[in-house]
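Nothing in this text is a laboratory measurement; each read-out follows from the coordinates by a stated rule. The shown structure was predicted, so the numbers you read here are calculated from the model rather than taken from an experiment. When we count neighbours, we look across all protein chains shown, and the Cβ atoms used for this are built from the backbone with ideal geometry, even at glycine.
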Amino acid sequence: MTTQDLSADLPSAPPQPMAAAIMRGAHHIEYGQIDKPRPKPGEVLIQVQANSVCGSDLHYWHEGKIGSAVVSAAFTPGHEFAGVVAEGSGADYGLADGTLVAVDPAQPCGHCFWCHEGNPHLCPNMIFVGAPPHPGAMAEYISVPLSTVYAMPQGFTATQAALLEPLGVAMHALDLAKLRPGSHLAILGAGTIGLYVLMLARISGALRLAVIDPLEYRREKARELGATAVFADVPSYLASVNDTPTRGADVVIEATTSPLGPRHATEAVRIGGKVVLVGIPDGDEFTLTGSQVRRKGLTIKLSRRMGDIYPRAIEYVRSGRIDVNAIVTHTLPLSQVRQAFEMLADYRDQAIKVVLEPQLP
């Protein structure tokens, strides 16, 4: 006799609810409940402990989209996150329950031309956690591929692990800049990415570090973190350059949300200099003055996420060379997700980086 396997005919367990942020469009985010994910083969269930709000999350808040990524149905945002392995989901992979992990939100396809070329961050088939329609980590739990999980060294906190993602974006921008020792660097925008670029450049050989931002409290934070000079706008920065009125910086990294940011960056850079554009402009468009960028003979690069940078980012934090917590201004429970978005969008309470913790009451 043969024994028939009837397990496939058994009813599956009903989904369990969990708390999550739910975004339904521009200016519409709420705290509610969604179904708890069930890990598929090759995935690990993570109990989220920290998720920081990114500038790209705010673009969904302001406009309901970033380019072709449109909030057309309710989804959960969040891609800068960390948590602990939960419910035995990592047992087959050597990850015990309670292991603190950071997660790279980018999931490239692995088989396209760009992936094989060594540029998986440019993969056009990429699944990106927290970009619609793919659910993100502003929730109690998330299930992610094992290939995107990094176990943290002893002593790491969940917030440090979550902030490895924006630190990696800043590292990638500096990789593109190929900053040389003794260089003069100007940074447009003293938000998360701009400040991390500043901290990295300070230990990477830049001689002069100018930060340009219209907000006084952000300029003060830049000064605190090692800027050699801060300015409210590009004209005041150029007026301070002593060599010639058009000398400018050797490298300018633009990390703003302004459609004018790229043009201002090309004004601030010297003849023959380099500009790296990192910011996502409001309205998804920007313009440059053709004669200016041509006559200056500029090299202009656009930064897209990051490559295989997590191991380097982990080592920077583990060694104490970079204090990622230095820009965290607020920690809130996930239930206050709307307040977090409004605070950042309105530049209230001197907010720079807000971390949401689902486990807080």
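In sequence order, the stretch 326-331 has phi-based couplings of 5, 9, 6, 9, 8, 10 Hz under the Karplus curve 6.51 cos²θ - 1.76 cosθ + 1.60, θ = phi - 60°, and Gly or Pro positions carry x.
I want to make sure I understand the PRE zone here: with the label point 7 angstrom from the Cα of residue 288 toward its beta carbon, which residues in the stretch 190-222 have backbone N atoms less than 14 Å away? No residues fall inside that zone. Compared with the alpha-carbon gap, the fully stretched path from residue 35 to residue 321 is longer by 99.0 nm at 0.36 nm per residue. Highest mean packing first, where packing is the average number of other Cβ atoms within 10 Å per residue, the peptides 286-296, 191-201 line up as 191-201, 286-296. From least to most packed, judged by other beta carbons within 10 angstrom and beginning with the fewest, 114, 61 follow the order 114, 61.
Using C-alpha pairs below 8 Å separated by at least 6 residues, the relative contact order for the stretch 1-133 is 21 percent. If you look at the Cα atoms of the chain, you get an Rg and a Dmax of 21.7, 93 Å.
Below 8 Å, C-alpha to C-alpha, sequence gap of six or more: please give me the relative contact order for the chain in percent. It would help to have the intermediate numbers written out before the result.
Working: 802 pairs, mean separation 61.5, N = 361.
After rounding, I find 17 percent.
Taken one residue at a time, the phi angles of the stretch 70-78 give Karplus couplings (6.51, -1.76, 1.60, θ = phi - 60°) of 10, 7, 9, 8, 4, 8, 9, x, x Hz. Gly and Pro are set to x.
Where does the charge balance sit around residue 148 when Lys and Arg score +1, Asp and Glu -1, over other residues with C-beta under 14 Å from its C-beta?
-3
Charged side chains reduced to their Cβ positions (Lys and Arg at +1, Asp and Glu at -1) give the stretch 1-148 a dipole of some 280 debye around its Cα centre.
For residue 221, the lysines whose Cα comes closer than 16 Å to its Cα, not counting residues fewer than 8 places off in the same chain, are 353.
Ranked by the mean number of other Cβ atoms within 10 Å of their residues, highest first, the peptides 149-157, 302-310 come out as 302-310, 149-157. When the charge dipole of the stretch 168-302 is built from unit charges on Cβ atoms (+1 for Lys and Arg, -1 for Asp and Glu) and taken about the Cα centre, the candidate among 272, 177, 210 whose Cα reaches farthest toward its positive end is 272.
Here the peptides 50-58, 257-265, 14-22 are ranked by packing, the mean other Cβ count within 10 Å, and the order with the highest first is 50-58, 257-265, 14-22. Of the DSSP H helices in the chain, none is both long (alpha-carbon extent of 30 Å or more along the helix axis) and hydrophobic (Kyte-Doolittle mean at least 1.0).
Only Lys, Arg, Asp and Glu carry charge here, each on its Cβ (+1 for the first two, -1 for the last two); on that basis the chain has a dipole of about 1480 debye about its Cα centre. Distant-in-sequence amide contacts of residue 249, defined by a placed amide H-H separation under 5 Å and a gap of 5 or more residues or a different chain, comprise 269, 270.
For the pairs 36/65; 178/274; 274/301, note any where the Cα-Cα span goes beyond 18 Å. 36/65, as the Cα separations exceed 18 Å there. Applying 1/(1 + (r/R0)^6) with R0 = 45 Å to the Cβ-Cβ distance of residue 73 and residue 308 gives a FRET efficiency near 0.90. The calculated FRET efficiency for residue 360 paired with residue 247, based on their beta-carbon distance and R0 = 56 Å, is about 0.70. Taking amide hydrogens as placed 1.01 Å from N in the peptide plane, the amide H of residue 231 sits under 5 Å from those of 211, 212, 213, each at least 5 positions away in sequence or on another chain. One chain, two ends: residue 239 and residue 207. Fully extended at 0.36 nm per residue, the span grows by 9.6 nm beyond their Cα-Cα distance. Note on the stretch 168-302: Cα-only Rg and Dmax are 13.2, 37 Å. A crude spin-label estimate for the pair residue 223 and residue 350, with each label 7 Å from Cα along the Cβ direction, gives 1.2 nm.
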